[in-house]
Amino acid sequence: MKTFNIVIVGVGGQGVILASKIISNAAMDAGLDVKQSEVHGMSQRGGSVISHVRIGKKVYSPLVTEGEADVILAFEKLEALRYSHWAKEDGKIIYADTKINPSTVVAGLAQYPDDVDKQLSNLKCQVIKIDAAKLAKEAGNVKAVNTVLVGALSKMLPEIKEETWKEVLKKSVPSKVLEVNLKAFDLGCGAI
Amino acid sequence: MHKEILLGNEAVALGLLEGGCNVISAYPGTPSSEVLPYANHLNKKFNLQRFVEWSVNEKSAFELAYANAIAGGNSAVIMKQVGLNVAMDPLMSAAYIGLKGAMVVVVADDPGPYSSQTEQDTRFAAMFAKLPVLDPSTPQEGREFAKKALKISNKYEIPVILRLTNRVSHGKQDIEYEEIPKINLDIKFEKNPQRWAAIPRFRYLQHIELNNKIKKLANENEYSLKKYNDKNKNLIITSGCCYSHIIDSLKYLNCEKVDVLKLDMPYPLNIEVSDIINNYENILIIEETMPVIEYQILKYRNNVDGRLTGIIPGEGELSIDKIVKIVSEYFKIKFVQFPEFNTKSKKPELCPGCPHRSSFYAIIKAFPKGIYPSDIGCYTLGLNMNAVDTCLCMGATINQASGFYHAFKSQNKEIPPIVATIGDSTFYHSGVTALINSVYNKSAFVLVVLDNGTTAMTGFQPTPESGILNSGHGNKVPLKEVIKGCGIEKIHVLNPNNINEMIECLKECWDYSVKNEKISVIIAKEPCTLLKLREKDYKFIKIKINEDKCTGCRVCSDKFQCPSLIYDEKRKKVFIDYSTCNGCGVCVQVCKFEAIEIE
């Protein structure tokens, strides 16, 4: 397997780090080499959060190079645009149709661009928009957006079987929300 | 055999316990904070009976761990790079005096920086203290080097520094491990005042000894040379996380004409490196973030390149794209330039429902023309609200407030209201001595202790006031009594979410302080919202906007700055983002048109 580079972006509090954990564990359980890198600390308070996951036969650095991501998994629209140049020309951007205002917008210093979808669709790489909030709600909890997106991503990684993903989900989320998350995962798979 | 994806910090914790540490202490700080909790987790999981402590600050953590090493125990102390500044005093002396058991000083650096005040390089601090330093490149190496550091420390009877960087600390990989064995150490204190309490004359002799140890260590240093081709004349020298980036960069460039020399121990430099470098014509030293290897290489050869010759940038993290660009230009390897982008990240902000927001809002309302020194923690984000004017280092806000007061007073200038803010954990860390100093020296200002009952920014470590230990319950150190003991006579404890009460109290305190030339203290006591949300009986207050009353004045969205209150440009009204609202209900008090209502 050629090294597969994933960049996961979102806003602090959206569950980017948990999603990365699920992806890494699924890859490990599928017998692949994984390196992951994430940023903790201040940015977790509502700032941009980026996590890198690299999967392959042998991986050295935990960092993905700009322009080298096979998939960008974005939990928020503007974050998808912000990090869009990390995608390969033949890569994919999967993004949630979710909008969270940056503090500059909150403070009235800037406006949230209203053509984010258009700017994204003008990119060379393939762009896939998912109404993750709607699917998460359908699964039973608005907060399961991250699992919907992980479901969508799983379709890009045929090396990892569906059972492996679900086993990892069982170990990663509290039992009382497991059903919701398994459903969210399936709905995410179906969105691709 | 158990296999698990571990964070670099967790892998280091595993290594420390496998290496036989019986005492582990730390003060939290990004990117080091996860080492101690994982050590605590493993300690309980395998019933190891080791002592694991969250200390009040890094100096305390160091001194405690060091005493254990003097008594023949194996110690680890963990902190972030700027935390080492706080522990530098005992570190410098411990290098001279040495120890009996073993001690590893785990310090996590933050090139970037992502969550720190500086990009300082702990390898440089190691060189300054004359202590050996190991620099792992992956989580697995972090685990191995932790054990190796303990061995070296025991053999040479000196502390050894294990330097991590954010990419190792917060990198993850799969790690295999078995049950950690129990230990039985021979703890005894052998009296030897000439060593353990050495006076300057003996310190001179200890310095000679330390120099000899470092010399010996330079002879058994470890390095690995990745050779691509026996005829190669190009070499990169590196250590730590940069190694992984360099290997991937060379792969990316499809380049096999450059060899890579990786130093596990960047200081002291192994003597054999002097021979290796003579086999190469072009040498580039890539290291993060200061020229530690480069300075040492200059002893053997001066035609090398790196940070000192301007090839490597003097600041910022060395990402793969930077390394690819530098390596390709330096060794003349063709590649297609990466496109350049100017991306600004979304700035962090106080969470919806954060009680600090209420405190800051009250402060700017009470004293629109005040000076607001502040400190290190979540609440530094009060700067978005223009309620934080300074942030220097842990505990500095109190002495800075004092300094501003004396600056104006000494020149008979009108003294503007001075309101200093500090978090509860930061206050215990280094605010107490600052408060004693300011009381003693007759300063006058209002100090607001933002008491949310935890160390929120780094992951909710307990504070001395809670009395909660890793092992259960300890003793509570009550905040109000400590402040009283520092000589403060006017202390108010209130809930900052009652904004008007807080505004009145601030005004009254400042009047008192100016009139009496004394410091007054407000303890703004309200738990961190993220912790409250975890409680079963958390009461979510659902609010709504009465659009007939909303004038679009934007006070709630722009001044109070709750991320869940969003101004809609088109409709000129504010709406509530229920996906982020934590239901604190405080915003109801902020709208003077009563447009924010409880549903």
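The residue list B:LEU131, B:LEU150, B:LEU162 contains one member that is in contact with a strand residue (DSSP E or B) (Cβ under 6 Å, 6 or more places away or on another chain) and part of a loop (DSSP other than H, G, I, E, B), which is B:LEU131. With respect to B:LYS251, determine if the residue is closer than 26 Å to A:ARG54 by Cβ, without any contact (Cβ under 8 Å) to a residue 12 or more places away in the chain and not assigned by TED's automatic domain parsing to the domain that holds B:ALA125. Taking the combined requirement at face value, the residue satisfies it. Tell me, yes or no, whether the stretch B:567-578 has at least one residue that is without any contact (Cβ under 8 Å) to a residue 24 or more places away in the chain, part of a strand (DSSP E or B) and either more than 29 Å from the chain's Cα centre (by Cα) or assigned by TED's automatic domain parsing to the domain that holds B:PHE460 (or both). The answer is yes; a qualifying residue exists. Looking only at residues of the stretch B:296-325 that are surrounded by 20 or more Cβ atoms within 10 Å (Cβ to Cβ) and in a loop (DSSP other than H, G, I, E, B), we find that the one that is farthest from the chain's Cα centre (by Cα) is B:VAL304.
Residues in the stretch A:46-59 that are at the interface with chain B (Cβ under 7 Å from one of its Cβ atoms) and either modelled with pLDDT of 90 or more or surrounded by 23 or more Cβ atoms within 10 Å (Cβ to Cβ) (or both) were compared, and the one that is nearest to B:THR529 (Cα to Cα) is A:GLY46.
Within the stretch B:532-553, identify whether any single residue is surrounded by 21 or more Cβ atoms within 10 Å (Cβ to Cβ) and within 31 Å of the chain's Cα centre (by Cα), and answer yes or no. The answer is no, given that none of the residues of the stretch B:532-553 is surrounded by 21 or more Cβ atoms within 10 Å (Cβ to Cβ) and within 31 Å of the chain's Cα centre (by Cα).
Look at (1) at pLDDT 90 or above; (2) not in a helix (DSSP H, G or I) and you find that B:ILE293 fails only one, number (2). Selection of helices (runs of 4 or more DSSP H) fully inside the stretch B:347-462 by the criterion of at least 3 residues being touching a residue at least 40 places away in the same chain (Cβ under 8 Å) and buried (at least 24 other Cβ atoms within 10 Å of the Cβ) returns B:355-366, B:396-410.
Do the conditions hold for A:LYS183, that is, is it part of a strand (DSSP E or B) and more than 14 Å from every other protein chain (Cβ to nearest Cβ)? Against the criterion (part of a strand (DSSP E or B) and more than 14 Å from every other protein chain (Cβ to nearest Cβ)), A:LYS183 does not qualify. Scanning the stretch A:17-44 for residues that are at positive phi and either more than 9 Å from every other protein chain (Cβ to nearest Cβ) or modelled with pLDDT of 95 or more (or both) gives a single hit, A:GLY31.
Within the set B:LEU261, B:LEU250, B:LEU269, the sole residue that is buried (at least 20 other Cβ atoms within 10 Å of the Cβ) and assigned to a strand (DSSP E or B) turns out to be B:LEU261. Scanning the stretch A:160-177 for residues that are loosely packed, with under 15 Cβ neighbours inside 10 Å and under 14 Å from A:ALA30 (Cβ atoms) gives A:LYS161, A:GLU162, A:GLU163, A:GLU167. When the stretch B:508-531 is filtered for residues that are surrounded by fewer than 16 Cβ atoms within 10 Å (Cβ to Cβ) and either modelled with pLDDT under 95 or closer than 17 Å to B:VAL590 by Cα (or both), only B:LEU531 remains. When the stretch B:142-175 is limited to residues that are among the charged types (D, E, K, R), farther than 16 Å from B:ALA39 by Cα and surrounded by fewer than 24 Cβ atoms within 10 Å (Cβ to Cβ), the one that is farthest from the other protein chains (Cβ to nearest Cβ) turns out to be B:GLU157.
The values are calculated or read from the model by the stated rules, or taken from the named source; none is laboratory data. It should be emphasised that the depicted structure is a prediction, and the values quoted were computed from it without experimental measurement. Glycine gets a Cβ as well: all are built from the backbone with ideal geometry, and neighbour counts include every protein chain shown.
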